[in-house]
Structure formats: C-alpha cells, structure tokens
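The values are calculated or read from the model by the stated rules, or taken from the named source; none is laboratory data. Here the structure is a predicted model, which means the values were calculated and not measured. All Cβ positions, even for glycine, are placed from backbone atoms using ideal geometry, and neighbour counts span all protein chains on display.
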Amino acid sequence: MTLTADVLVVGGGPAATWAALKAAGQGASVVLADKGYCGTSGATASGGTGVWYVPPEEKAREAAMASREALGGYLADRRWMARVLDETYERINELADAGRYPFPVGLDGTSLRNGLQGPEYMRRQRIRVKRAGVTILDHSPVTELLVDADGAVAGAAGYQRQAGRPFEVRAGAVVLATGGCAFLSKAFGCNVNTGDGALLAAELGAELSGMEFSNAYGIAPEHTSVTKTAFYNYATFYRADGEVLEGAGSQRGRSVIARTLLSEKVFCKLDLADDAARKAMRLAQPNFFLTFDRLGVNPFTDTFAVTLLAEGTVRGTGGIRIVDDGCGTTVPGLYVAGDAATRELICGGFTGGGSHNAAWAISSGSWAGRAAAQFARALGRGTRQVSAAGGAGLRPTGGSSDVDVAEIIRTVQAEVLPYDKNYLRHGDVLRTALKELDGAWSSVRSGLRAEGAAAVPARQAAAMVAHARWMYTSALARNESRGMAKRLDRPDLDPAQHHRITSGGLDEVWARPEGALT
C-alpha cells in the first residue's frame, strides 16, 4: 500500500496526535502511523498524568520555572520553559473547549486543568484527529525512513500487522513522535517504546542530546508493571525483617532502594496518607489500585514487596536533538516531538513522571506539526526520487547470517536493566557494558536481515542496541554527577561541565560537549 501526504506523523500518543491536529489545521494532508492503536497505546493512554499547566501569572510562572532547575542540573532554558508554559496553557484550554474534556471542578467552581485521565484524554484525541481529516494507520509500525537525493526526509515505509502487508507513505515532511526507549522492561504502557524514532533519525544523520539522562527507574509492586511513583511519597519502606529502610523514598532515596534490592527484598506501605489523601488518590489514579484490589492487598495498611522497572528515556530526558523553535532536527524536513525528542530544554537532566513530560508532548507536538506543514507547503508536491534509509536489521553489511533477535534483546537488557549497571553507574562498569553492546551492534549490523512482519522486532532490537550505546557513551563523556546522571566514581557536580552533551553515529558512536551554558 502506498499513500501520499504533505505530512507523515509517526507515533500515536499525545505528541503525535497534537502534531497531526496542528499540521491538519495548517491545511496539510496528514497520515498518522502508529505501532499500536492510536488512542490506547503508550504510557499516557494507560493511566493518569499531571500536566505542567500554570496560569499566566508572573509569580506562578516564575515559581514553576524555578521548581526543578536545581534537580535538572541547571541545563534547562528559561525561554523554552516559557514557550512550553504558554503553549500548554493554550492547548489545554483548547482541549477543554473544542475537545470538551471533562476536567473536574474544585469546591470554588474553578476548572482544575493540571491533570488528565489518560484513557479519556487519548480517546478524545483520536476522535479529534479523525474529525480533522487525518488518515490513521493503526498497527502499522514504521521500519525505515525514505530520503531524497538531497538528503531531505521524504516519507517512511513499514509493515501493517493486521493487514499483513508492507506500506509506504511519501510525504513532504515527517514528524517522529515515537516515544523514548524503555527496553521492553514491561513498565506500564512502555513496551511500544523501543527507541525506534532515534534509530530512524540517526540513519539520516540526525544528532541526539542528553542521552546520559536515561537511567530512570519507576517503583512498582513486585511482579507487576504499574510504575506510578507519585503515591510513594506517602510510603514507608522496610527491609525484609520489618526494619525501616532509612533514607529510602520516591522523589529522593530511590538509589537506597536499588542498592538494597541487590541483596534482599524491599517492602512498602503507603501509611503516611491520611483519609482525605487516600480518597483523593483513588479518584486521581484508579489504575494504580487495580493490582492491589485483585491481590486483596490494602496498600495503606498492608506491606507489599516492590521492585524498580527501567523506564530509560521515557521518563529520562535524552532524545533527538532539536535545532529550531519548530522542533526541527539537523535533517531537512524531519521534526521530532514528545519523548522521542530531548527534553533538556525545559527540565535539564531530570523530569520525573507526568507534568513536564505531558506539557512537552502537547507543546512540541503542536510546534512540530505546524512547522512540518509549513516545510511541506514550501517544498511543493512535485515528484521526488527517493530511497530507503534503513540499515541494521534490514540491509546487513555482511550478508545474511543466523542472528537471533531474541538473543540480541537479552544481551541489551542484561546491560541496561540491572540497577548496578545503569542506575548505580560507575565508569568501569559502563565501559565493560559498552563493549558488550558494541559487539551486539556489530552482529546486528553485519548479519541481521529481516523482511515482512519479522522486520518489526528486528528493527526494535537494533534500535535498543543503538539507544544503549548512545546512553553509555554519553554517560562516560559526563565525568560528574548532574541531574539523574549520577556517577559513583564521579559523585560531585563539576561547574566546568555546565553544558549539554550531544551524541550520534551508528557504527562509530560519538559524544561531545555542545558548548558551555551561561
């Protein structure tokens, strides 16, 4: 199947739907291709999320911008923060008015717009996208980008799972809103996030930024996937013998949990929440309590075992580097939004869950959609000679050989999921892990060839290997501890390293300082 459009949006979450809406609003013809079902796939669709929604009041905006600057290592940009606050405010109000989203009302009658129920939010976004005339391709993962003779992006190709056929979309511009990479850790709603967009962009020469900020781990009840960590601020953590685990916590002290889990189980109880908080928590995040209700556990009075699940660049801040206000990349016609893009511009080296991430998805998606439509309009609709840009997993350099995709994934996970490698980082450990990952990439690049439906997992495996190599190369380039990029062998913040780190490359990965920040 071959389609033609002005703009192709790759992804189906908040950033993708806002990009599609705003591109269509510019008069562009738009195709949206989602790996899953647009409206239900992704981290937001599976739960509730806070939103960085702040009224345009000077003191409130100043407090909002200052709130996480220190946590993020002072790498954020106030101008971008202000832009996101402005855009998010307008788009959330649009969601309330045009989208008729049922925001709750406070006791004083004020509409409370700093949070969203993911399932309802994304259900309405899908409806709005369809009404805008966007063609939605569900269950249609993109496996490679198309490029013209001048190096500009010209569309993408992929495979439709349910129809059992390949597809191609020729487009004047492409928006990558594919999410970050959680390495198939089974974190809530994140198993569609395998870093595909970053690989697609890098194959065209795009750069990345902030990939060292990629060691996010969410707290979850043992043997479950629900990584909603905000409520653990009400928790007391315990050792297996019932002794309180001193220093353990959600916002601060997660490393204590990680260290303890290396040798024994950690237990938890949400015993710091009073009756009012308990009621509010159930209303705000009903999904959080489903697991407990099914297990017959009262999390406020009963202790339960917890674990940590890797969320990588889904809750980290690293991603494809942005070079202009329209969320363009170093590749002409290629735009990025949401978790696929770096979020350093608004939160430096630390985000946490929801809030900034949700606002960034809304804002960056809107900007990227508009900019992509404008680029396509300027390009015109003439015929371009295009070629496929996909490499690893599709077109091996050494011919076809017996490379096991499942084994490649296990190799990557063995280097990025363990707490003592990725979370409790040390230079020597990172270098050893990187050697294993380099070997995995060599195998994939030289010998993995897949076609049809098999191309999807093959490309996911290649993307995860690439993602891990950018992460660890960038982590080694930052010889200090800043934001979430903590180094046990470099525990202090170094004022001389007040810069962002860009990275890129595939066969030869590189990382270097972008330049000192004022």
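Please work out if Gly354 is in the same structural domain as Ala20 (by TED's automatic domain parsing) and either modelled with pLDDT of 95 or more or under 16 Å from Glu69 (Cβ atoms) (or both).
For Gly354, the condition - in the same structural domain as Ala20 (by TED's automatic domain parsing) and either modelled with pLDDT of 95 or more or under 16 Å from Glu69 (Cβ atoms) (or both) - is not met.
Among the residues of region 318-338, is there at least one that is closer than 24 Å to Phe183 by Cα and acidic (Asp, Glu)?
no
Between a residue in region 98-110 that is touching a residue at least 60 places away in the same chain (Cβ under 8 Å) and any residue that is surrounded by 11 or more Cβ atoms within 10 Å (Cβ to Cβ), which pairs come within a Cβ distance under 7 Å, given they are 6 or more apart or on different chains?
Within 7 Å, no pair qualifies.
Keeping to region 1-57, report how many residues are among the aromatic types (Phe, Trp, Tyr) and surrounded by fewer than 23 Cβ atoms within 10 Å (Cβ to Cβ).
Adding up the residues that qualify gives 2.
Between a first residue in region 168-179 that is assigned by TED's automatic domain parsing to the domain that holds Val31 and a second residue that is polar (S, T, N, Q), which pairs have beta carbons less than 6 Å apart while being 6 or more apart in sequence or on different chains?
Short answer, once both residue conditions are applied: Glu168/Thr2; Arg170/Thr4; Gly179/Asn193.
Taking strands (runs of 3 or more DSSP E) that fall entirely within region 1-87, which contain at least 3 residues that are closer than 30 Å to Glu480 by Cα, in contact (Cβ under 8 Å) with a residue 12 or more places away in the chain and not assigned by TED's automatic domain parsing to the domain that holds Cys181?
Working: elements: 2-10, 30-33, 48-50.
Correct list: empty, since no element meets the threshold.
Any residue at all in region 135-157 that's at positive phi, in the same structural domain as Ser366 (by TED's automatic domain parsing), buried (at least 24 other Cβ atoms within 10 Å of the Cβ) and not hydroxyl-bearing (Ser, Thr, Tyr)?
For region 135-157, residues at positive phi, in the same structural domain as Ser366 (by TED's automatic domain parsing), buried (at least 24 other Cβ atoms within 10 Å of the Cβ) and not hydroxyl-bearing (Ser, Thr, Tyr): present.
So which residues in region 452-500 are part of a loop (DSSP other than H, G, I, E, B) and in contact with a strand residue (DSSP E or B) (Cβ under 9 Å, 6 or more places away or on another chain), if there are any at all?
Once the filter is applied, which keeps residues that are part of a loop (DSSP other than H, G, I, E, B) and in contact with a strand residue (DSSP E or B) (Cβ under 9 Å, 6 or more places away or on another chain), region 452-500 yields Arg478, Asn479, Glu480, Ser481, Met484, Leu493, Asp494, His498.
Just to be sure, is Gly439 touching a Lys or Arg at 6+ places or on another chain (Cβ under 9 Å) and surrounded by fewer than 21 Cβ atoms within 10 Å (Cβ to Cβ)?
The answer is no for Gly439.
Looking only at region 292-328, filter to residues that are out of contact with any strand residue (DSSP E or B) (no Cβ under 6 Å at 6 or more places or on another chain) and under 20 Å from Leu379 (Cβ atoms); which one of those is surrounded by the most Cβ atoms within 10 Å (Cβ to Cβ)?
Filtering first and then ranking leaves Gly326.
Ala182 - would you say it is over 16 Å from the mean Cα position of the chain (by Cα), not β-branched (Val, Ile, Thr) and not assigned by TED's automatic domain parsing to the domain that holds Val306?
In short, no.
Name the pairs whose Cβ atoms lie under 9 Å apart, with the first residue in region 376-401 and closer than 18 Å to Val142 by Cα, the second surrounded by fewer than 18 Cβ atoms within 10 Å (Cβ to Cβ) and modelled with pLDDT under 90, and 6 or more positions between them or separate chains?
none
Quick one: Thr260 ticks every box in (1) free of Cβ contacts under 8 Å to residues at least 40 places away in the same chain; (2) buried (at least 23 other Cβ atoms within 10 Å of the Cβ); (3) among the β-branched types (Val, Ile, Thr) except a single one, so which number is it?
With respect to (1) free of Cβ contacts under 8 Å to residues at least 40 places away in the same chain; (2) buried (at least 23 other Cβ atoms within 10 Å of the Cβ); (3) among the β-branched types (Val, Ile, Thr), Thr260 is out only on (2).
Residues are listed down the side, and each one gets a yes or a no for (1) at pLDDT 95 or above; (2) β-branched (Val, Ile, Thr); (3) over 26 Å from the mean Cα position of the chain (by Cα):
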| position | (1), (2), (3) |
| --- | --- |
| Gly249 | no, no, no |
| Lys265 | yes, no, yes |
| Ala277 | no, no, yes |
| Ala280 | no, no, yes |
| Asn287 | no, no, no |
| Leu290 | no, no, no |
| Asn298 | yes, no, yes |
| Phe304 | yes, no, yes |
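Would it be correct to say that Ser67 is hydroxyl-bearing (Ser, Thr, Tyr), more than 17 Å from the chain's Cα centre (by Cα) and modelled with pLDDT of 95 or more?
On the way: hydroxyl-bearing (Ser, Thr, Tyr): yes; more than 17 Å from the chain's Cα centre (by Cα): yes; modelled with pLDDT of 95 or more: no.
No.
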